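Colleague: I have a structure here, written as structure tokens, and I will follow up with some questions on it.
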Amino acid sequence: MGAEMRIISWIRVAILGVICLSPWLCLANAEGQVHQNPKKLSCNRYEGSWVRDESYPLYDSSKCPRIDKEFDCLKYGRPDHEYLKYRWQPRSCDLPRFDGKSFLTKFKGKKIMFIGDSVSRNQWQSLICMIHSSVPNLRILEQGVEPITNYTFQGYDVSVIVFHSTHLVDIVNGTKNGRILKLDSIQNGEIWKEMDVLVFNTWLWWYRTGPKQPWDYIQIGNKIIKDMDRMEAFKIALTTWAKWVDTKVDTQKTKVLFQGISPQHYHGADWNEPQVTNCAKETVPINGSTYSAGLPRPSYVLQDVLKTLTKPVKFLDITTLSQLRKDGHPSSHNAFRAMDCTHWCVAGSIDTWNELLYTELM
């Protein structure tokens with residue numbers, strides 16, 4: 001345990017060093033007026049439908065500072081562009097359009113961190129593109145020490161960071177039992193709680209088995225077991241996370257948000273097209289506001305755990321609105337030519353997640 005703690009301490013020092021490097025390393029002029037903050041909305045922003053809007057997408061993806069080869073659909077040959085032309089319209093109000101200069105001004109000198117699996121990285125890259133399109137001449141300092149990547153917008157000294165964590169709770173390597181998923185331990189929390197905004201996400205890796213499973217045993221307290229019901233393990237881990245927030249995070253300083261479960265589209269029966277086996281030929285959203293398959297089971301588990309919190313945590317309830325976007329995935333339009341109906345095209349419907357995040361934060 002002593003060696004493990006020393007490693008965690010080293011990572012913490014390295015990461016905070018990466019995040020907090022002096023701004024003179026990459027100078028830039030930050031010009032532009034400050035826009036008025038969007039008004040707090042009284043309606044449920046997560047209930048609504050997708051409407052066509054010729055002013056979308058919010059940016060040209062070819063001009064983004066970086067898009068991973070998994071998410072860059074246009075670069076890898078997606079022929080249709082209709083999926084880019086939809087805007088989320090809440091039922092009883094309007095969603096403020098994202099304003100990157102206003103965002104940078106509000107969070108000047110602050111650190112915003114996405115924590116989770118590759119879906120968190122997906123959303124992080126979308127936000128980087130959205131901010132960059134508002135201030136295209138602003139210099140960006142890119143830094144990284146595994147498991148993080150940090151983009152700092154110079155002039156504003158705003159750090160937008162992604163921290164890769166498949167389960168949020170710890171996976172410990174090098175033990176006699178191999179890799180252990182510790183459902184009651186969050187040592188990386190010492191790093192996370194130093195941030196000004198935290199956006200959490202997890203689910204994608206909880207149901208994986210075989211070679212893709214990133215652990216060999218599960219530990220709860222002093223008990224080590226080979227496996228258990230994955231939904232129950234998910235709930236225990238989320239409960240550990242909730243207790244960590246309540247006991248370790250100063251929510252007067254740090255805003256905490258949890259993203260809803262990101263849906264997949266591999267089974268057409270979920271949207272009343274049973275003959276469809278993936279998202280390859282999907283080019284437009286589902287009409288209306290409801291999804292025939294309903295919410296996935298982990299959504300209910302997540303919402304139940306969030307209700308136990310005593311400290312304020314915002315819920316980014318993106319599941320249903322994303323279920324309606326069967327057209328939003330890369331499908332085979334990625335560098336691997338593999339069918340991907342899990343992640344989301346950048347640009348695309350995932351930008352709406354960040355418009356909703358923007359509204360919650362502003």
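The values are calculated or read from the model by the stated rules, or taken from the named source; none is laboratory data. In this text, all values refer to a predicted model and were calculated from it rather than measured experimentally. Cβ coordinates were reconstructed from backbone atoms using ideal geometry, including for glycine residues, and neighbour counts include every protein chain displayed. Side chains included, ligands, DNA and RNA excluded: accessible areas come from the protein's heavy atoms. Shrake-Rupley method; radii C 1.70, N 1.55, O 1.52, S 1.80 Å.
Colleague: Sum -39500 (n - 2.57) across every DSSP H segment of at least 4 residues in the chain, then divide by the residue count to get the 222 nm mean residue ellipticity, nearest 500.
Modeller: That comes out to -8000 deg cm²/dmol.
Colleague: Place a +1 charge on the Cβ of each Lys and Arg in region 140-213 and a -1 charge on the Cβ of each Asp and Glu, then give the dipole magnitude about the Cα centre in debye, rounded to the nearest 20.
Modeller: That gives region 140-213 a dipole magnitude of about 560 debye.
Colleague: So in the chain, what percent of DSSP beta bridges are antiparallel if you round to the nearest 5?
Modeller: Approximately 55 percent, going by the DSSP bridge assignments.
Colleague: Something else now. My understanding is that a pair violates if its Cα-Cα distance is over 27 Å; which of 182/212; 281/307; 63/255 do that in this structure?
Modeller: In this structure, 281/307; 63/255 exceed 27 Å between Cα atoms.
Colleague: So which aspartates and glutamates pass the test for residue 85, namely a Cα distance under 18 Å, with those fewer than 8 places away in the same chain ruled out?
Modeller: 53, 54, 60, 72, 94, 282, 327, 351, 355
Colleague: Compute the convex hull volume of the Cα atoms of region 137-281, divide it by the residue count, and report the result per residue in Å³ as a whole number.
Modeller: Measuring per residue, one finds 182 Å³ for the Cα hull of region 137-281.
Colleague: I've got another one for you. Once Lys and Arg get +1 and Asp and Glu get -1 on their Cβ, which of 266, 192, 254 lies farthest toward the positive end of the dipole of region 180-282?
Modeller: Going by the Cα projections, it comes out as 192.
Colleague: Taking each full run of DSSP H in the chain as one helix, which ones are at least 18 Å long along their axis (Cα atoms) and have mean Kyte-Doolittle hydropathy of at least 0.0?
Modeller: Taking the DSSP H segments of the chain (at least 18 Å long, mean hydropathy at least 0.0), we get 2-19.
Colleague: Compute a Gaussian network model of the chain, connecting alpha carbons closer than 10 Å, and tell me which residue from 204, 127, 321 fluctuates the most.
Modeller: In this elastic network of the chain, the residue with the biggest mean-square fluctuation among 204, 127, 321 is 204.
Colleague: Further question: Normalised radius of gyration for the chain, please: alpha carbon Rg relative to 2.2 N^0.38 Å, two decimal places.
Modeller: Rounded to two decimals, the normalised Rg is 0.98.
Colleague: Further, regarding this structure: Distance between Cα centroids, region 217-262 to region 113-187: provide it in whole Å.
Modeller: So the two Cα centres are separated by 18 Å.
Colleague: Looking at the calculated P(r) for region 128-205, what percent of the C-alpha pair distances fall above 17 Å?
Modeller: 58
Colleague: Among 216, 229, 68, determine the one that fluctuates most according to a GNM of the chain built with springs between C-alpha atoms less than 10 Å apart.
Modeller: Looking only at 216, 229, 68, the biggest GNM fluctuation is shown by 229.
Colleague: For residue 290 and residue 223, calculate 0.36 nm times their separation in residues minus their Cα-Cα distance, and state this gained length in nm to one decimal.
Modeller: Length gained between residue 290 and residue 223: 19.9 nm.
Colleague: Keeping every protein chain in place, order 133, 262, 159 by accessible area at 1.4 Å, biggest value first, i.e. largest first.
Modeller: If we order 133, 262, 159 from most to least accessible, we get 133, 262, 159.
Colleague: What number comes out for the charge environment of residue 289, summing +1 per Lys or Arg and -1 per Asp or Glu over other residues with Cβ under 14 Å away?
Modeller: +1
Colleague: Something else now. What part of the accessible area of the chain, given as a whole %, is carbon or sulfur when the probe is 1.4 angstrom?
Modeller: 50
Colleague: Right, something else. Once both labels are modelled 7 Å past Cα along the beta-carbon direction, what's the residue 253-residue 60 spacing in nm?
Modeller: 4.2
Colleague: Same structure, new question: Of 228, 195, 113, which is the most mobile in a GNM of the chain whose springs link Cα atoms less than 10 angstrom apart?
Modeller: Highest fluctuation among the options: 228.
Colleague: May I ask what percent, to the nearest 5, of DSSP beta bridges between residues of region 101-161 are antiparallel?
Modeller: Taking every DSSP beta bridge with both residues in region 101-161, the antiparallel ones total about 75 percent.
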